[in-house]
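Let me begin by presenting the structure, written as structure tokens, before commenting on it.
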């Protein structure tokens, strides 16, 4: 027998569901974003991810440092203070120590309210501070790949390589390794100071942080799965929009723009003459209308830059060695603003490929009684779902 408990806490703004199953492996996926913390707990049941609990703690969090990472320092905390432009004398900003305490407390409260049982977690790093590149190396570099990769990217990194955590992965090309003339390697790197910052948050929240990974891998896992075709994921967050081209299950290109749902809300507030408090409900109401009822011009201020980035991303992908002859087959939208129909319709009108809203719950087992509420939450939870799936699929 399985039971589902659904609660909506209006005071705390936490929405959660809990399923009581037999004892099995549980994993947390935790996405710390500009508008709060999203948590999903999945359990591995008969080899498949099964929903156990989920929650959203709505809180404005300053997760995007305003200054780019330059030269590092030995002390991780001092480097992160410099990275974020913070200092102890600031009257308007929390110190790094206070920020760690604040985020950890929010996370602990979310764990308590959702009654999460797992303590192993995977989290995502903010895309804006993760280095991402494809490097091409001669085939004989295979023997000392780590050395050759670091030598290649050393001058490309935003900080000295000693201050960066660098990981790499060979991109498959369908050929035997011995038959290759060159190697294509996907490289991602993040400041060690940023990794330390996140690690301290999770330690204070009483969690075992098993892995930090980029949002691209989490989104690929929850929205693309085993599909090997060339796809683009567009994640429209509150403050930023990230665009990833996924090929053979790997994020090959990444573009990011400093605009998201907040821009859309501001546009609607201005053009429709409504208060900021009414925007959310208005978007819900308009979303119930038949397709094409709302003119796409209303979202031009947000969508036009996204369309330009899509075109540029396609050109960038096509120009890369090894991608000759490949073409984009579909565009998958996610993030809260993806649910507003004119956004999808405006993008759909510009590109001759399938454009649709991704369903991150498609690979997760859950009770059908939750389908409606999960469908509404889905685009906002795609990253946290993908993170929780990491050790299951």
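Only the coordinates and a few stated rules stand behind these numbers; no lab work does. A quick note: this is a predicted structure, and the numbers were derived from the prediction, not measured. Methodologically, a virtual Cβ is constructed for each residue, glycine included, from the backbone with ideal geometry; neighbour enumeration extends over all protein chains shown.
Measuring nothing but alpha carbons in the stretch 136-189 and taking Rh as the Kirkwood radius, the Rg to Rh ratio lands at 1.00. Residues 278, 389 in ascending order of nearby Cβ atoms (within 10 Å, fewest first): 278, 389. Note on residue 46 and residue 393: the model spin-label points, each 7 Å out from Cα along the C-beta direction, lie 1.8 nm apart. A straight chain from residue 262 to residue 25 at 0.36 nm per residue would run longer than the Cα-Cα distance by 81.6 nm. Stretching residue 248 away from residue 362 to a fully extended chain increases their span by 39.1 nm, per 0.36 nm per residue minus the current alpha-carbon distance. Calculate, for residue 211 and residue 288, the FRET efficiency according to 1/(1 + (r/R0)^6) with r their C-beta to C-beta distance and R0 30 Å; round to the nearest 0.05. That pair, residue 211 with residue 288, gives E of 0.15.
Sorting 361, 52 by the number of Cβ atoms found within 10 Å of their own Cβ, with the fewest placed first, yields 361, 52. Projected onto their three principal axes, the Cα atoms of the stretch 95-140 cover extents of 52, 31, 15 Å, largest first. Stretching the chain fully between residue 196 and residue 272 yields a gain of 22.9 nm (0.36 nm per residue, less the alpha carbon separation).
A crude spin-label estimate for the pair residue 136 and residue 161, with each label 7 Å from Cα along the Cβ direction, gives 2.1 nm.
Modelled spin-label separation between residue 350 and residue 98, with each label point placed 7 Å from Cα along the Cα-to-Cβ direction: 4.1 nm.
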